[in-house]
1. If you take the residues of segment 418-455 that are in contact with a His (Cβ under 7 Å, 6 or more places away or on another chain) and in a helix (DSSP H, G or I), which of them is farthest from ALA220 (Cα to Cα)?
2. So if I check each of GLY52, GLY21, GLY10, GLY16, which one is modelled with pLDDT under 95 and within 21 Å of VAL154 (Cβ to Cβ)?
3. Of all residues being within 16 Å of the ligand (Cβ to nearest atom) and in contact (Cβ under 8 Å) with a residue 40 or more places away in the chain in segment 134-155, which is surrounded by the fewest Cβ atoms within 10 Å (Cβ to Cβ)? Just the residue, please.
4. Does any residue of segment 104-114 turn out to be of a type outside the set (Val, Ile, Thr), under 30 Å from PRO5 (Cβ atoms), under 25 Å from the mean Cα position of the chain (by Cα) and away from the ligand (no atom under 16 Å from the Cβ)?
5. Could you check segment 476-500 and list, in sequence order, the residues that are in a helix (DSSP H, G or I) and not polar (S, T, N, Q)?
6. Are any residues in segment 239-254 in contact with a helix residue (DSSP H, G or I) (Cβ under 9 Å, 6 or more places away or on another chain) and outside any strand (DSSP E or B), and if so, which ones?
7. Restrict the check to segment 48-60 and report whether at least one residue is on the phi > 0 side of the Ramachandran plot and within 16 Å of the ligand (Cβ to nearest atom).
8. So is LEU246 touching a Gly at 6+ places or on another chain (Cβ under 8 Å) and either in contact (Cβ under 8 Å) with a residue 40 or more places away in the chain or within 16 Å of the ligand (Cβ to nearest atom) (or both) or not?
Amino acid sequence: MRPAPPDLTGRVVIIGDGIAGLVAALALAPQPVVLVTQAGPGQGGSTALAQGGIAAAIEADDSPELHLADTLAAGAGLCDANIAETILRQAGEAIDFLERHGTRFDRDASGAPVLGLEAAHGRRRILHAAGDGSGGEIVRALVAALRRCASVAVLEGRVARRLLTHDGAIAGVLLQREGAGMVLPARQVVMATGGIGGLYDATTNPVGNWGQGIMLAARAGAALADMEFVQFHPTALAVGQGRLPLISEAVRGEGAILINDRGERFLAGHPGGELAPRDIVARAIHAEMTSGRRVFLKADNIDFPTRFPAITALCRSAGIDPARAPIPVRPAQHYHMGGIHTDAFGRSTLPGLWAIGECAATGLHGANRLASNSLLEAAVMGLNAARDIAASPGSYPVMPAMPDLPPEADPGQVRAITSRHLGILRDGASLHAAIAGLLPLALGGGEASDPAITALSIAVFAALRQESRGAHARTDFPAQAAHSVSRRMTLDQIIQSARLILSDDLARSA
Ligand code: SIN
């Protein structure tokens, strides 16, 4: 174990290199920042995979109020309306920031943005780039800007293993490179570590992301919120397991329809049809598949290679020509609405720790995220956290005590439990089985311990929510409760609840 080089000590530390972390690092300039990344800026996260784009009410016939109404409807009563309004009103500012840093959104011959439509949006408001290469273009531009930015030191090939605290506030980060540890003293740490796809055996996200930021923040004492709400994208390409290529909702926005292997358009009679909120579409596809049918996206009415060049290439590499043949699809884990609880500036409940992007729970998404609100939230919250940090300079950090490195994290055992019990449909027995499997792993201190902390948190929040709402669907509580609130818990409370749930089970079965 060794201390960090002195010129890095006392900088703002940003952990994560997707849109949220990159925007925060650039917006803090010229304040010195260390960006910690395992794979290299923009390389390891899900931003570069984003196809649809970024939702922004920028057209004359649109407004933040209309965007807010769609966001609140998708969120199924659990959005924080004030936070949602604040974030959605900043859409123009975020787009402007991205464009000033080199992002080229698609525009028509007159220079007006070309806007896409996605599920549960009342109108076209999705800015996209390179057709369906939106995330890749945003990452390209932000990484190029980062390379020109002298105030950002990039620490590549490092993994954050623990947050260190002193007197109830952030004091530093324990980093690991291969087998060696390093302590980076810091008073201001921004968590921007992305999602939880690696906890599931079918996901549209990088499988290396299993909720590291959530685990680190929870272990350090920060409160988590809304952890039960895991979004499944209805249409991943149905080829194999692990990370599955996404077939963007924008494809349905352009008129593609869903059929089963009998040729039946099974969502035809449903309000919203193929563009109903994605939890509804995902459950409808799940039901078809559970009854033994295969599901396809029929898109031969679209000029596919022109509008969706990246998806065309993904399909062709799986031997499918989307312009001619129906595309086989299935639901896959896609986004996590829950995470580290924050306010509108990204402040967590732990002094000195901010959280932005998918690892955070601001209250924008409620029980179900509206499509393409996530890149928007990540960019806006990157700006807001940077502004807040710049206005509250941290004192020079003391050197925290050097802890031992925990064992390498391996989510394999946890993934089996999560995929089986914390999927699209849940029930009490299955959630209790998940908790019974995950609690000993979380407390065991072995290779499964860190991922089990994230998964256990999802299971406990899900067991406590005895209703179906948004992305959280319980077969034993199929209706929405009359009153429902967003829940927040620290790790101590989560572990205590897990024990109570299990002991209640034992008492009932005795
Ligand atoms: C998609 O392109 O379907 C995904 C967009 C999103 O998840 O926001």
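The values are calculated or read from the model by the stated rules, or taken from the named source; none is laboratory data. None of the values given here were measured: they were computed from a predicted structure. Note: ideal-geometry Cβ built from the backbone for every residue, glycine included; neighbour counts use all protein chains shown.
1. Per the stated criteria, the residue is SER430.
2. Values: GLY52 fails: within 21 Å of VAL154 (Cβ to Cβ); GLY21 fails: modelled with pLDDT under 95; GLY16 fails: modelled with pLDDT under 95.
Unique residue meeting the criteria: GLY10.
3. To start, the set of residues in segment 134-155 that are within 16 Å of the ligand (Cβ to nearest atom) comprises 134-139.
The next check asks that each one be in contact (Cβ under 8 Å) with a residue 40 or more places away in the chain; those that pass are 134-136, 138-139.
Details: SER134: 30, GLY135: 26, GLY136: 18, ILE138: 30, VAL139: 24.
Out of the qualifying residues, it is GLY136.
4. No: zero hits.
5. Quick first cut of segment 476-500, residues in a helix (DSSP H, G or I) only: 491-500.
Answer for segment 476-500, where residues must be in a helix (DSSP H, G or I) and not polar (S, T, N, Q): LEU491, ASP492, ILE494, ILE495, ALA498, ARG499, LEU500.
6. Passing the criteria: PRO245, ILE247, SER248, GLU249, ALA250, VAL251, ARG252, GLY253, GLU254.
7. Filtering segment 48-60 for residues on the phi > 0 side of the Ramachandran plot gives 53.
Narrowing further to those that are within 16 Å of the ligand (Cβ to nearest atom): 53.
Checked segment 48-60: at least one residue is on the phi > 0 side of the Ramachandran plot and within 16 Å of the ligand (Cβ to nearest atom).
8. Numbers: touching a Gly at 6+ places or on another chain (Cβ under 8 Å): no; either in contact (Cβ under 8 Å) with a residue 40 or more places away in the chain or within 16 Å of the ligand (Cβ to nearest atom) (or both): yes.
So LEU246 fails the test.
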